[in-house]
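Read-outs: derived from the displayed coordinates by stated rules, not from any lab. Values in this document were obtained by computation on a predicted structure and should not be read as measured data. Glycine also receives a Cβ, built like all others from the backbone with ideal geometry; neighbour counts cover every protein chain displayed.
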Amino acid sequence: MYVIIVGGGNTGSHLARILLNEGHLVRIIEERPALLEKLRTELPADTLIAGDGSAPTILEQAGVEKALVLAAVTGSDETNLVITSLARFEFNVPRIIARVNNPKNAWLFTPEMGVDVALNQANILAHLVAEEMSLGDMMTLLKLKKGEYSLVEEKVYPTAQVCGKLLKDVNLPDECSIVAIIRNHQLIIPHGTTQFEAYDEVLALVHRNNLSGFAVLLAPPRPIERK
């Protein structure tokens, strides 16, 4: 896949390394001389394009007409929006991703501005912190449908609601499906008569609105608050 990244800071350079390691064709556009020097020591020379990524001529030099994905990840929201608009409406890039630096500007990053996916880093971090605070040991393995669903892994505590129960007798939240159970290093494909045992590692596909409800089933009971 041919990918153009505009912005060679920490986000852009890290993304470029990941994509290159996965075998994708990458071009990264950066105009700051000091940063370009640094990038030349970290990335293959042919991946670097020196110039202003919001200029049509520079995008053309980077091969924007054959790009399947463009990621605008500069430190300026205004610049990122100019880039996304050009990429979508001037060059018809199929998939466009943009970084949102200031959460107050998130409302601007819409399909009307050429943005398919807006990465609001402050918002993502806030949600991750909240998720960790509320879900304890639950581990998110994969997010699907733009984060609407998650494949998660959670361990069954000995005093959890589900411990000792059959799957068919457990009242799972809506849009929650048990995918597999790992027990003593063995993978079990669950059926209605599968019984939950202490310390089972349960893999489940869950809608984001029901993650807390699912976690409660496998967690130890909350202590009763004394008045």
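What is the distance, in nm, between label points placed 7 Å from the Cα along the Cα-to-Cβ direction at ASP46 and at ASN184? Calculated label separation equals 5.5 nm. Descending by average beta-carbon neighbour count within 10 Å, the peptides 155-167, 74-86, 195-207 line up as 74-86, 195-207, 155-167, the highest first. Antiparallel beta bridges, as assigned by DSSP with both residues in the chain, represent about 50 percent of the total such bridges.
Dipole of the chain computed with +1 at Lys/Arg Cβ and -1 at Asp/Glu Cβ about the Cα centre; of VAL73, VAL117, ILE58, farthest Cα towards the positive end is VAL117.
For the stretch 73-113, a crude dipole built from +1 on the beta carbon of Lys and Arg and -1 on the beta carbon of Asp and Glu, taken about the Cα centre, is about 140 debye to the nearest 20. State the label only: which of (i) 36, 17, 16; (ii) 32, 18, 16; (iii) 45, 19, 16 corresponds to semi-axes √(5λ) of the Cα gyration tensor in Å computed from the shown model? Identified label for the calculated read-out: (iii). Assuming R0 = 22 Å, can you tell me the calculated FRET efficiency for the pair LEU142 and ALA198, based on Cβ-Cβ distance, to the nearest 0.05? The value I calculate is 0.30.
Rounded to the nearest 20, the Cβ-based charge dipole of the stretch 137-218 about its Cα centre (Lys and Arg +1, Asp and Glu -1) stands at 180 debye. Farthest toward the positive end of the dipole of the chain, out of PHE214, ALA106, ILE49, is the Cα of PHE214, where the dipole comes from beta carbon charges about the Cα centre. Computed over the chain, the per-residue total of -39500 (n - 2.57) for DSSP H runs of n ≥ 4 gives a 222 nm mean residue ellipticity of -7500 deg cm²/dmol, rounded to 500. Only lysine pairs 8 or more places apart, or on different chains, with alpha-carbon atoms under 29 angstrom apart are counted in the chain, and they number 15. Each Lys and Arg adds +1 at its Cβ and each Asp and Glu adds -1 at its Cβ; summed about the Cα centre, the chain shows a dipole of about 440 debye.
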